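First up is the structure itself, then whatever we jot down about it.
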Amino acid sequence: MWWTACLLTAVLAASPVRFAESDAFEGEVTSVEDGSITVLGKSGDSVEFDVPLDAKITLNGKKAKLTDIEIGDFAKVTAKGSGEKRTATAIEARDSE
């Protein structure tokens, strides 16, 4: 029993970040490209999101475009999908402090 618990813990710790049908991820923006954003979470996980044209994006509480977000800004990305395919439905960003 103890061995099973240790093995399960190790597997879960090494697994990539998984998302429910709709989930949020927060952290520092490390990349912004045409149609995608990458965020580094507090746990050290780096997650890339596809950003469709209809995603709701705000910067400092005001409506914004993906290109308004800069590396180093903080972002909360609400996304859908699972596994390697994550699509942002909303991004709430704020300038780095």
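We did not get these values from a lab; they are worked out from the coordinates using the rules stated. What you see is a predicted model, and the numbers here were worked out from it, not measured in a lab. FYI the Cβ positions are ideal-geometry reconstructions off the backbone, even for glycines, and counts take in every protein chain you see.
Pop a pseudo-label 7 angstrom from the Cα along the beta-carbon direction at both residue 34 and residue 48 and give the gap in nm to one decimal.
Placing both labels 7 Å along Cα→Cβ, they lie 1.5 nm apart.
Residues with beta-carbon under 15 Å from that of residue 60, excluding residue 60: net charge, scoring Lys, Arg +1 and Asp, Glu -1?
0
Considering Cα pairs under 8 angstrom that are at least six residues apart, work out the relative contact order of segment 30-97 and quote it in whole percent.
Details: 132 pairs, mean separation 22.0, N = 68.
Once normalised by length, the contact order is 32 percent.
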